[in-house]
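A short worksheet on the structure shown next.
Values in this text are rule-based calculations from the coordinates and carry no lab data. For clarity, every value in this text was computed on a predicted model and none was experimentally measured. Methodologically, a virtual Cβ is constructed for each residue, glycine included, from the backbone with ideal geometry; neighbour enumeration extends over all protein chains shown.
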Amino acid sequence: MFGKKKQAEDPQNYIIRKEYKKAIDIYRERLKAQPGDTNLRLALADALLANSQVAEALREYRELAAKYTEEHFILKAVAIYKKMLKIRPDMKDVEKLLTGLSEQQEEEEVQIASGDPEVFEVMDSDSDSDVATVETNQQQGLLKELSPEEFKQFVARLTLRHFEKDAVIVKEGEPGNSFFIIVRGSVRAITKGPKQKEIVLGNLGEGDFFGEVSLLTGKPRTATIITTAASDFLELTRADYESITKKYPRIKQIMQELHEQRAMEAVRVIKKSYREGA
């Protein structure tokens, strides 16, 4: 009985049944006990939006973005402001807050791990263990290298995307026309090895990015990326990438340097997979 009651009180069950009011009540009650829990606040805001309580949802998103900024989760703040502008494109104050993140970025180390998935350690697809995702506090990668103006222009061209669990984001062999930063959730990178055996290249989590190799080289995707949880991404299309790098060529240089740093490791991974498949 206890298990059934606990399951019934899971707000996600109400969300699935579109009983948003019940889910909202549970989230609000839990937030009273845990007011600093950003995941709860995000879930509440999403539930309010789903229930067409737009004004209340926007208030929660605004508070959440401020909290993310305060805690130095700049990418998450960017994503929330992007979501708010998608709901209400006329919110000029939100545009100013989004632009203002570029100034804060100059003072703080924006955390984002670098690299396409092919450079991660090869893992046998039958293994139960996962390659650990790279923590966002490694203080390395693309965004922290950008000047405030470069950061502002780069962020302005990002589009917020959402995918549910088990969605194929990119497919190996297909043309690569965009670059993704994971804001929330996780993905798994897989490829085909010798005898078409599936090889898990690694798992990517919040703060990681993928897809830069295709933008830099024009080559097809070198791995298939599948979500392992409901996930949010910031996407930069090839058209926007080419436009911004014409005006700010240092962005391309930074991405190229990151790519070159990891190219030798990618070769090592591929060689290892072929040796193991021999």
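Calculated translational diffusion coefficient of the range 1-102 (4 °C, 1.567 mPa s; Stokes-Einstein with Kirkwood radius over alpha-carbon pairs) equals 90 µm²/s.
In this rough spin-label picture, where each label sits 7 Å from Cα along the Cβ direction, the GLU63-LYS195 distance is 5.8 nm. Spin-label pair ALA229-ALA55: with each label point 7 Å from Cα along the Cα-Cβ axis, the two points sit 3.4 nm from one another. Using bins of 5 Å that start at zero, the share of Cα-Cα pairs per bin across the range 184-232 amounts to 5, 20, 24, 22, 19, 8, 1, in whole %. In this simple spin-label model, placing a label point 7 Å from the Cα along the Cα-to-Cβ direction at both LEU85 and ASP37 gives a separation of 3.1 nm.
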